[in-house]
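Participant: Quick one: structure below, then a few questions.
The values are calculated or read from the model by the stated rules, or taken from the named source; none is laboratory data. Just so it is clear, the structure is predicted and the values come from calculations on it, not from any experiment. So basically every Cβ, Gly included, is an ideal-geometry build from the backbone, and we count neighbours across all protein chains shown.
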Amino acid sequence: MEKTLFQSELPRIIMVYVFLGILVIYFSIITYKVLKRKRQRLNFIISGFFISLIIGFILNMVYATMTNRITILVLNFLTNYFIFFGPVFLLIVNIIILESTLIYSVKRQNRYILFYGILLFTGMLILVLIGEIVDNPNAPLLGVQIINNTPKWGPIFFIYVVSIMSIFTLIPINYTNFKIYFQFESKELKRKWFFYLFGFLGLTVILYFSIIFNLLDADIHAEIRLMITLSISSVIIWGYMMYYGIGIELKK
């Protein structure tokens, strides 16, 4: 029996409004708990990571059931940008822990955040705009195309996002995570930082998994897409481990 439109879209509705809705609430609570602590630089920067993810998730929920191609394309672009922009805040946290707030100034911090933000945004935007002109609507190469109201990445866009995010955030974060772990002398600090380190490793794997998902999404059957998305729900566990690990007074 042929499926109705509602039946074919049901897994997508569950994926977006249930799964992402839970993540928005969950990360909002974590953000509140972080900002509720002492008003210090590290807490504000850590909250920037979660806030960036929350904005990305909400934008995804906004366009999930839309049918206008341009609107979906624009909101998907912003969704991707905020989600992939978020990790830069965690790198800043690690650098501050390693160098102290006195050595790593606010000016240097903001300069790196701005540099990464512009590099990510500009490259993604150029590829999407050029892709709109030269890409095959059913088989994107450079940018992102909307197929059956679902974004599909071209391989060049995929390579660019993975390269920029890996080189300027994910790889340095994981490297500095281990460096910080081995510099701590206190067993308690090491134990808690291990949770943060392991949580971010898990989040890194999920993030790469999600990016590959974006490359293949339009070709994946709805039920399989739902199963993959539910497996990504482990981000809740990784997020909590990061919060538990970083929720300590880091002594210089």
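Participant: So Glu185 passes all but one of these: (1) farther than 29 Å from Ser100 by Cα; (2) modelled with pLDDT of 80 or more. Which condition number does it fail?
Facilitator: Among (1) farther than 29 Å from Ser100 by Cα; (2) modelled with pLDDT of 80 or more, Glu185 violates only (1).
Participant: Also, quick follow-up: Any residue at all in region 56-72 that's crowded, with 20+ Cβ neighbours inside 10 Å and within 19 Å of Tyr196 (Cβ to Cβ)?
Facilitator: No; the residues of region 56-72 include none that is crowded, with 20+ Cβ neighbours inside 10 Å and within 19 Å of Tyr196 (Cβ to Cβ).
Participant: If the requirement is being modelled with pLDDT of 95 or more and closer than 27 Å to Asn60 by Cβ, which of these qualifies: Leu141, Leu114, Leu90?
Facilitator: Leu114
Participant: What are the pairs, 6+ residues apart or on separate chains, where a residue within region 101-125 that is aromatic (Phe, Trp, Tyr) has its Cβ under 9 Å from a residue that is in a loop (DSSP other than H, G, I, E, B)?
Facilitator: Correct list of pairs: empty, since none qualify.
Participant: Related question: Give the number of residues within region 83-138 that are exposed (fewer than 13 other Cβ atoms within 10 Å of the Cβ) and in contact with a Pro (Cβ under 8 Å, 6 or more places away or on another chain).
Facilitator: Within region 83-138, residues that are exposed (fewer than 13 other Cβ atoms within 10 Å of the Cβ) and in contact with a Pro (Cβ under 8 Å, 6 or more places away or on another chain) number 0.
Participant: From the list Phe168, Phe194, Phe158, which residue is within 19 Å of Asn76 (Cα to Cα), in contact (Cβ under 8 Å) with a residue 24 or more places away in the chain and assigned to a helix (DSSP H, G or I)?
Facilitator: Residue meeting the stated conditions: Phe158.
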